[in-house]
Each structure stands twice: as C-alpha cells, then as structure tokens.
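Mind having a look at this structure? Questions to follow.
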Amino acid sequence: MTAVAIEGVWKFYGDYPALRDVQLTAEPGSCLALIGRNGAGKTTLLRTVAGFSRPGRGKIKIFGTDPRETATRSKMGFIGHGISVYDELSALENLTLFGQLYSLPDPRKSAMEWLERTGLERVRNGLVREFSRGMRQRLAVARAFLHEPSLLLLDEPFTALDDRAIAVLQRLLREALAAGKTIVMSTHQLREALELASHVALLNRGQVAFHGPRTPEMVSDPGYVYARYGETA
Amino acid sequence: MSFARQVLVVALKDLRAELRTKEAINASFAFALVVLLLFSFAFDPEAETTREISGGLLWIVFAFAGTLVLNRSFARELPNDCLDALVAAPISGAALFLGKAFANFVLVMAMELVSLPVFCIFNNVGTPVSKQLGPILLVMMLGTWGLTVIGTIFSALTVNIRLREVMLPMLTYPILVPALMGAMLITKGLVLGHPLSGDLVTWLKMLMGFDLIYTAVSLVLVETVLVG
Amino acid sequence: MREKILYVLGALAVVILVWNINTIVPLPAERNQGVVFKIIFFHVPLAISAMLASGVALIASVMFLITKNFEYDALAVSVTEVGLALLAGNLVTGSIWGRQAWGIWWAWDARLTSALVCWLLYAGYLMLRNAIEEPTQRATFAAVFSIFAFIDVPIVIFSIKWWRTQHPQPVFWGGGSFPADWLPHFLWNMLAIALVAALMVDVRLRQEESQRELDSLRRMAHAI
C-alpha cells in the first residue's frame, strides 16, 4: 500500500488556488524531497498532507486512510517551522506529555530514550525556554520521532539547524529509512536533502512540475532540477 | 487512550504550564481585586442598596477577570507552534477542547474563590453569603462553566487573529448575556437571603440548559475550528 | 438581466412604501398614544425582517461549512449586515416611540433589550470577519460564530422576557391597540421593507463577489 497518495488535490485561499491538481505518491521506505521556490506551495502541501487543513478538492490518503483518523495520526510525525514543544515545561516533561498523547506504553521511558538519542539527557530537567537554539531543534526532532512514526513529514527541517543538530537529524533519518519508514521532506538545503532522497518532486506555483527518482545529476548539481523543469528566471 | 484520559492529559498539561508561569492567574487575581476596590468607591458599602446589587457586581468581576485567563487558553499554544503538535496528535478535537475547558474552569474558579471572601469583606455581606454558601458555590460553578465553555471555544476561534485580547471579550459577553443574567439574579437573590426555590430555581435550570447546549455545540464545532 | 430585476423590485418597493405612507397618515390617531403609535408600521416589520435575516444567515453559514462554497459565505455576510441595519432601525424607532409616549429615550423593556443584545451579537460577527485576513479561515470562523449567535437569539429573548415578567417595568408597546382594519397596510409595509432588505442583500452580494475576485487576483499577482 502506498504510504502517501495525493490525488488531484487543490487548496484554495478564498478563490486563489495555492495547490492545483497535485498528484503525488510516496511508497513505503522511500524519501521524497519536495523542492520549489518560496511560495510554490511546499508548506501548504505538507500541512495539508499532515492533516492540519483539508484540501478544497481531491483526496489525501496515508497508508490508505484519511490523515485525520486517529489511528493514522499515531503513525505520522511532523516537524514544521516551529519546534512545537512547550517553553514552560522541561525537555523530559515535554516528551513525556507527547508520549502520553500518543498512547505509548511507557511514556517516561520512551522520553528518556529519545533524550539520549538526541544528546539531551543531561538537560532533561531544564526548561525549554533556557535551551540554546540547537538544543531546542534537537528536542523538536525527538518529539517527532518519539512515537516511532511510519511516516515523517518535515518542512524545511535543515533550515537554521546548527551542525550538531544537522548531524543528529541526518543520522536519525537514515536509520528511519533503513527501518522502512517513509519520509516526505520539503527543503531548500538541496545538498543535505538530496543525499537522503530517493525521489524528488518540484513544485511550481502550486503544481507538480516534475516527479521522479533522484538521479546522480541532481546530487552533483542541485540546481539541475530547477534548470531542467522549473521556470527560467 | 480513552477519551477521559486524553482530556485529563491536556487539562493537567495546561494547569502545570500555568502554575509554573502564573502569568494569567496573577493578572486575573490582581484585576479582580482592583475592580472590587473600584466598586467600593463607586457604591457606598454601608447602604442597603449595595447589598442588593452586590450579587450582580460579583459576576461582573468574575466575567472580566475570567476573560484574562480564557484569553490565554489557546494563545498559550501559539509560541513554537505547539498548536500544530496538539492538532496532529491522535486525540480528538473534542478531548483537546474539553481538557482546556476543564483547566480553565479550575483556574477561573480559583480566582473566584479568592475574590469571594474579599468581596464579602468589602461589601459587608459576609454573613448572608456564609449562610447560603452551598447554593452560592453551585451558582458559581454553573455560571463559571458557561463562561469557560464559551471563552474556550472563542479562544480557539480568535487565536490567530488581530487584536485577540479585544475580540475575545467582545464576542463572548453578548453570547453570555443569558447566563450572566441568570447567575447575577440568582446570586443577588441568595445574598438577599432568599432560599434557592421558585423563581431562582427556574433561573438555575436555565443556566444548566445554557451550559448543556453550548457545551454540546462547542464539542461538535471544535474540529471545524481547529482543522477547517 | 439581474440588474433589470433589481431596478424593477426597487421601484416597486418605493411605490408600495409611498402609497402606503399616504394611506397610513390619514388613519385616525391611536387613542392612548397618539400619532406616534403609527411608527409600529415600521418598527415591527423591521424586527421581523431582522429575524428572517438571522435565520437566512444561519442557513447560509451551515451550508458554507458543509459545501465550502463561497457563495454561501457571501450570502451570510450580506444578510447579516442588512439584518444589523434593520435591527438598528428597530432600535431607533423603538427609542423614538418611547421618547414620545413615555418621555424617556430608553427603558429596559424586554423587546428593546433583546434587540440590543442581538444587535451586539451580530456586530461581533462583523468584527470577527474584519479581523481575519485569509478568506477561507474568515468564512469558516464566521460561520461557526454565526451558529453560536443564532442559538443564543431565542435564549436571549426568552431569558430577558422572563426577567421582565419577574420585575415588571413599563412595557413600551403596552397599552396600544392595533385595529384589525390596519392589518392590510401593515402587511404591505412588511412587504415593502422585506423587498428593500432583499435588494440591499443583493447589492452587498455583488460587492462581495467583486471583492473575492480582487483578493484572488491580488494573491495571484504576488505569486508571480
């Protein structure tokens, strides 16, 4: 069964179509890199797939079901522009909270485990508002991976990450792919993303201009896809 | 996870976060005390008429100070885009709403329970209030639940908009007119020494009806507000 | 074509109103309250039209939430705005009547108070709309609020009426008798006011359509 099936999706802001007849799929175990200029609709598409808003037309299916179904949501992890953890709570409290929300059998244990995997176990009782930027980002990653989602949706995850956080994220993503998880990632950092990607899709003004497997040319010259399939100038 | 447990997790999260920063609750307490003080200047506490209107005044304090708490309800999810994480989590919108509503209820009731003795002292109504404490607490809970339900759902409705702090009271108070009116009249009657019977009971039933209807409507519509 | 119908209806409404006013003016003055009682020919139809508007707003809001069709959103806002104007007319005529009959500009009479609260409710709807930029979110949130407001209307009317039966006060409209042979004139006025209201809704609808088109063109221009 396809991990993500986006079928004829349109998204409107008033009468303006931010997404036009988007048709995309992602198979389990693949990593789809979503590229495109600012305003092309990458964030809108990811958020619609994640279930934050409904498409105006068309359907989205995650593992064959609607993204808003509770069972489906437990299989999805999302990292957006914000870190989505609470400043007033500690790192451990935050992850335990999300562990509870995702009905993990032992939220505290899972929380501790992921704090270790992201290198935050020593600051587990520190309040998030006291964290450095890199620490906050690593905690965001821990939150998204905590419930071992089968599908990861990441909106420009490498943007504004420090080196340590980039290394952690890349390691975790590789491990996830090796374990058969699916990743859909929008990105400007073509190099980091294209190394991981198995497939690439180019969005241009809300439409899919290109969708296909990642080729060696794309990795060696990240501007290749834009030049070949995007608009000139 | 069962619905009840989801509600509890969300409610405890809100309460823990609020008790750590105490932003909303402190502002609410302070505001309530200041308004009570100002009422003492406006109305002579010795006069018999003040005793009569005191029940109504109390609810003005509760409504205004309560809004400070209710405003924070969904606004606290804005920094760091925490609302995204809550909406994405496998809990129903209804559980999210109810959890927040319960947390708000606890916080607003806390403010009211602190304001009540101060109110009694300032207006010399300590004896009549203590005689009717049970019924007064009942009215407080029913009225506060109405205030909380409307305030919480409208907090979700106004979370992303300009001038949120102004919009929330402006939208909430007209809707709350029947509930506030009922609560004021019952409290006024109780403070004047009337027993909870006859007309007052009818108002109580209206208040309960208001609470039930709007809780149901909010539970149905919250998913639309959160996801659209 | 649509415009022609509008002009005809508009002319019709004006004709009915003028003819009706001509008929009402010579009617005998009411025993207790004099000439000003005739304001009832406007006061009550305005209220009835406003209530109709509120009902249409509810239906439009629910239909929008179900179909996501922006025509329903346009209808909801148009009808609510016109309804607010009608209700304001009701409040003003009520106040004038009170001033003439009782010497006071306002009394907490049950119907006038209910009208005021309902006015505030729907004014809130418009303020909410003004505060939300994005059209889809604006339409959705406004529709939700409209549902809350509509449910409140009967609760407000009932509870304020009940409050007034417990604490009776001068009833603004009490003490006047409405002769049966005035009924046809009343109904004609009702028709005329309803027609004018429908016209205003239509004008507003077209303005809303243009606005939507402008918005999406603007967004499209920015995206290029």
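Restricting to segment C:66-97, give me the number of residues that are surrounded by fewer than 20 Cβ atoms within 10 Å (Cβ to Cβ), within 14 Å of chain B (Cβ to nearest Cβ) and part of a helix (DSSP H, G or I).
3
Testing residue A:58 on (1) away from chain B (no Cβ under 11 Å); (2) assigned to a helix (DSSP H, G or I), one condition comes back false. Which one is that?
Every listed condition holds for residue A:58 apart from (2).
Determine whether segment C:25-43 contains at least one residue that is surrounded by 15 or more Cβ atoms within 10 Å (Cβ to Cβ) and closer than 22 Å to residue C:154 by Cβ.
yes
Right, next: Return the residues of segment B:158-171 that are in a helix (DSSP H, G or I) and either surrounded by fewer than 24 Cβ atoms within 10 Å (Cβ to Cβ) or of a type in the set (Phe, Trp, Tyr) (or both); say none if nothing qualifies.
B:164, B:165, B:166, B:167, B:169, B:170
Scan segment B:1-46 for residues that are surrounded by fewer than 15 Cβ atoms within 10 Å (Cβ to Cβ), under 19 Å from the mean Cα position of the chain (by Cα) and closer than 30 Å to residue A:107 by Cβ and jot them down.
Within segment B:1-46, B:19, B:22 qualify.
Given (1) more than 14 Å from chain A (Cβ to nearest Cβ); (2) under 19 Å from residue B:221 (Cβ atoms), where does residue C:126 come up short, assuming only one miss?
With respect to (1) more than 14 Å from chain A (Cβ to nearest Cβ); (2) under 19 Å from residue B:221 (Cβ atoms), residue C:126 is out only on (2).
Is segment B:189-198 home to any residue that is small (Gly, Ala, Ser) and surrounded by 24 or more Cβ atoms within 10 Å (Cβ to Cβ)?
No, segment B:189-198 contains no residue that is small (Gly, Ala, Ser) and surrounded by 24 or more Cβ atoms within 10 Å (Cβ to Cβ).
Follow-up question, since we're still on this one. Quick one: is residue B:11 more than 9 Å from chain A (Cβ to nearest Cβ), closer than 28 Å to residue A:54 by Cβ and part of a helix (DSSP H, G or I)?
yes
Restricting to segment C:64-90, count the residues that are without any contact (Cβ under 8 Å) to a residue 12 or more places away in the chain and among the hydrophobic types (A, V, I, L, M, F, W, C).
1
In segment C:132-143, which residues are at the interface with another protein chain (Cβ under 7 Å from one of its Cβ atoms) and either surrounded by 19 or more Cβ atoms within 10 Å (Cβ to Cβ) or touching an Asp or Glu at 6+ places or on another chain (Cβ under 7 Å) (or both)?
Scanning segment C:132-143 gives C:132, C:135, C:136, C:140, C:141.
Report the residue count in segment A:1-47 for those that are within 14 Å of chain C (Cβ to nearest Cβ), among the hydroxyl-bearing types (Ser, Thr, Tyr) and part of a strand (DSSP E or B).
2
Considering B:20, B:51, B:5, B:16, which residue is among the basic types (Lys, Arg) and modelled with pLDDT under 90?
Just a single option satisfies the conditions, and that option is B:51.
Table: residues versus (1) under 29 Å from residue A:7 (Cα atoms); (2) surrounded by fewer than 19 Cβ atoms within 10 Å (Cβ to Cβ).
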position	(1), (2)
A:121	no, yes
A:128	no, no
A:163	no, yes
A:167	no, yes
A:205	yes, yes
A:209	yes, yes
A:216	yes, yes
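Shifting gears a bit: Pick from A:41, A:14, A:36: which is on the phi > 0 side of the Ramachandran plot, free of Cβ contacts under 8 Å to residues at least 24 places away in the same chain and crowded, with 18+ Cβ neighbours inside 10 Å?
A:14
If residue C:123 meets every condition in (1) within 21 Å of residue C:204 (Cα to Cα); (2) surrounded by fewer than 21 Cβ atoms within 10 Å (Cβ to Cβ); (3) touching a residue at least 60 places away in the same chain (Cβ under 8 Å) apart from one, which number is that one?
Residue C:123 satisfies all of (1) within 21 Å of residue C:204 (Cα to Cα); (2) surrounded by fewer than 21 Cβ atoms within 10 Å (Cβ to Cβ); (3) touching a residue at least 60 places away in the same chain (Cβ under 8 Å) except (3).
Find the helices (runs of 4 or more DSSP H) located wholly in segment A:137-233 whose residues include 3 or more that are within 30 Å of residue A:116 (Cβ to Cβ) and of a type outside the set (Asp, Glu), and list them.
A:163-178, A:190-196
Of all residues in segment C:44-65, which are surrounded by 21 or more Cβ atoms within 10 Å (Cβ to Cβ), of a type outside the set (Ser, Thr, Tyr) and within 18 Å of residue C:97 (Cβ to Cβ)?
Residues satisfying the conditions are C:45, C:46, C:47, C:50.
Let me ask something additional. Sort out which residues of segment A:76-95 are more than 9 Å from chain B (Cβ to nearest Cβ) and buried (at least 22 other Cβ atoms within 10 Å of the Cβ), and write them in order of number.
A:79, A:91, A:94, A:95
Would you mind finding the one in B:115, B:130, B:40, B:28 that is closer than 23 Å to residue B:175 by Cα and of a type in the set (Ser, Thr, Tyr)?
Just a single option satisfies the conditions, and that option is B:28.
For segment A:25-43, which positions are farther than 20 Å from residue A:226 by Cα and not charged (D, E, K, R)?
If the condition is that a residue be farther than 20 Å from residue A:226 by Cα and not charged (D, E, K, R), then A:25, A:26, A:28, A:29, A:30 are the ones that fit.
Suppose we keep only residues that are more than 8 Å from every other protein chain (Cβ to nearest Cβ) and in contact (Cβ under 8 Å) with a residue 60 or more places away in the chain within segment C:144-157. Which one would you say is nearest to residue C:211 (Cα to Cα)?
For segment C:144-157, the residue satisfying everything is C:146.
Applying the selection to segment B:184-228, what residues are among the charged types (D, E, K, R) and within 10 Å of another protein chain (Cβ to nearest Cβ)?
Result: B:199, B:223.
The values are calculated or read from the model by the stated rules, or taken from the named source; none is laboratory data. For clarity, every value in this text was computed on a predicted model and none was experimentally measured. Here Cβ is always computed from backbone atoms with ideal geometry, including for glycine, and neighbour counts include all displayed protein chains.
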